[in-house]
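These notes are about the structure you will find just below.
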Amino acid sequence: MKKVLIIYHSQTGNTEAMAKAVAEGALAAGSNVTMKKAVEANDKDILGCDVVAFGTPNNFSYMAGMVKDFFDRAWPIIREKMANKPYVAFGSYGGGGMPAIETVEKICDNMGMKRLFDSIGVQRQPTAENLKACEELGKKIAEA
Ligand SMILES: Cc1cc2nc3c(=O)[nH]c(=O)nc-3n(C[C@H](O)[C@H](O)[C@H](O)COP(=O)(O)O)c2cc1C
């Protein structure tokens, strides 16, 4: 059974709603899903999963501080062990697009991780359609 890990931060619930939809999709596809707030996630979590989905709001055109904190803590331990680890990213922004997602992608790509599918960025609160896309993403990463 594929182990799907979702690491996310959400201040006002928008990214969290997306994270839950990704989780639902992955669960429906029969995978083992763990959702972790970034502040609670660590190197063992990411080393122990088969695929990871990162969720972050766009804060000051960057990933949320808590997601950066996760990378700050885990990166020294995981950096040489992430080659080809599949990942995707998603998140919510106010009006400035998704530079936050790009900052996550940059770190993951630099570690040699494999981006499985295009990231999903939505403006503020995800619509039903946005959530469906997140669910589909969860399904696809579980089946990839
Ligand atoms: C401290 C802070 C900084 C923000 N900076 C930006 C920004 O630079 N660009 C942008 O588009 N939205 C910005 N936003 C808006 C959030 O990205 C947006 O409200 C998002 O939907 C929040 O997602 P969440 O509910 O998962 O926390 C900022 C919000 C906060 C609280």
- Task: Could you please give the count of residues in segment 38-57 that are part of a loop (DSSP other than H, G, I, E, B) and either under 17 Å from Gln11 (Cβ atoms) or within 16 Å of the ligand (Cβ to nearest atom) (or both)?
- Result: 3
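Output yes when any residue across segment 115-129 is under 22 Å from Glu24 (Cα atoms), touching a residue at least 60 places away in the same chain (Cβ under 8 Å), among the basic types (Lys, Arg) and open to solvent by 30 Å² or more (accessible area, probe 1.4 Å), and no when none is.
Of all residues in segment 115-129, those under 22 Å from Glu24 (Cα atoms) come to 115-129.
If we keep only those that are touching a residue at least 60 places away in the same chain (Cβ under 8 Å) too, we end up with 116, 120-122, 124-126.
Within this subset, residues satisfying the condition of being among the basic types (Lys, Arg) are 124.
Next, from what is left, pick out any that are open to solvent by 30 Å² or more (accessible area, probe 1.4 Å): 124.
Checked segment 115-129: at least one residue is under 22 Å from Glu24 (Cα atoms), touching a residue at least 60 places away in the same chain (Cβ under 8 Å), among the basic types (Lys, Arg) and open to solvent by 30 Å² or more (accessible area, probe 1.4 Å).
Within 16 Å of the ligand (Cβ to nearest atom), surrounded by fewer than 24 Cβ atoms within 10 Å (Cβ to Cβ) and over 15 Å from the mean Cα position of the chain (by Cα): does that describe Asn32? If you could, list the steps in order and put the result at the bottom.
Numbers: within 16 Å of the ligand (Cβ to nearest atom): no; surrounded by fewer than 24 Cβ atoms within 10 Å (Cβ to Cβ): yes; over 15 Å from the mean Cα position of the chain (by Cα): yes.
Judged against the criteria, Asn32 is not a match.
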- Query: Which residues, counting only those in segment 66-91, are under 19 Å from Ser10 (Cβ atoms) and touching a residue at least 40 places away in the same chain (Cβ under 8 Å)?
  - Reply: Met66, Val67, Phe70, Val88, Phe90, Gly91
- Please enumerate the residues belonging to segment 117-144 that are closer than 15 Å to Ile6 by Cβ and in a strand (DSSP E or B). Ile120
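Looking for whichever is of a type in the set (Gly, Ala, Ser), touching a helix residue (DSSP H, G or I) at 6+ places or on another chain (Cβ under 7 Å) and modelled with pLDDT of 95 or more here; the options are Ala19, Ala41. Which one fits? Let's see the steps before the verdict.
On the way: Ala19 fails: touching a helix residue (DSSP H, G or I) at 6+ places or on another chain (Cβ under 7 Å).
Selected residue: Ala41, the only one of Ala19, Ala41 that is of a type in the set (Gly, Ala, Ser), touching a helix residue (DSSP H, G or I) at 6+ places or on another chain (Cβ under 7 Å) and modelled with pLDDT of 95 or more.
For (1) part of a helix (DSSP H, G or I); (2) open to solvent by 70 Å² or more (accessible area, probe 1.4 Å); (3) touching a Gly at 6+ places or on another chain (Cβ under 8 Å); (4) in contact (Cβ under 8 Å) with a residue 40 or more places away in the chain, each residue gets a yes or a no:
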{"residue": "Ser10", "(1), (2), (3), (4)": "no, no, yes, yes"}
{"residue": "Ala19", "(1), (2), (3), (4)": "yes, no, yes, yes"}
{"residue": "Val22", "(1), (2), (3), (4)": "yes, no, yes, yes"}
{"residue": "Ala100", "(1), (2), (3), (4)": "yes, no, yes, yes"}
{"residue": "Glu105", "(1), (2), (3), (4)": "yes, no, no, no"}
- Task: Go over the candidates Gly121, Gly91 one by one and state the one that is in contact with a Pro (Cβ under 6 Å, 6 or more places away or on another chain), within 16 Å of the ligand (Cβ to nearest atom), modelled with pLDDT of 95 or more and not aliphatic (A, V, I, L, M).
- Result: Gly91
- Query: Would you call Phe70 within 16 Å of the ligand (Cβ to nearest atom), hydrophobic (A, V, I, L, M, F, W, C), farther than 20 Å from Ala133 by Cβ and modelled with pLDDT of 95 or more?
  - Reply: yes
- Item | Selection from segment 43-70 of residues that are surrounded by 14 or more Cβ atoms within 10 Å (Cβ to Cβ) and more than 22 Å from Gly138 (Cβ to Cβ) | Asp43, Asn59, Tyr62, Gly65, Lys68, Asp69
- Note on the structure: Of those in segment 124-139 that are more than 13 Å from the chain's Cα centre (by Cα) and not charged (D, E, K, R), the residue nearest to the ligand (Cβ to nearest atom) is Gln125
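The values are calculated or read from the model by the stated rules, or taken from the named source; none is laboratory data. Just so it is clear, the structure is predicted and the values come from calculations on it, not from any experiment. Every residue, glycine among them, receives a Cβ derived from its backbone with ideal geometry; neighbour counts consider all protein chains shown. The protein model used for the area step is the full one, side chains on, heavy atoms only, and it has no ligands, DNA or RNA in it. Shrake-Rupley method; radii C 1.70, N 1.55, O 1.52, S 1.80 Å.
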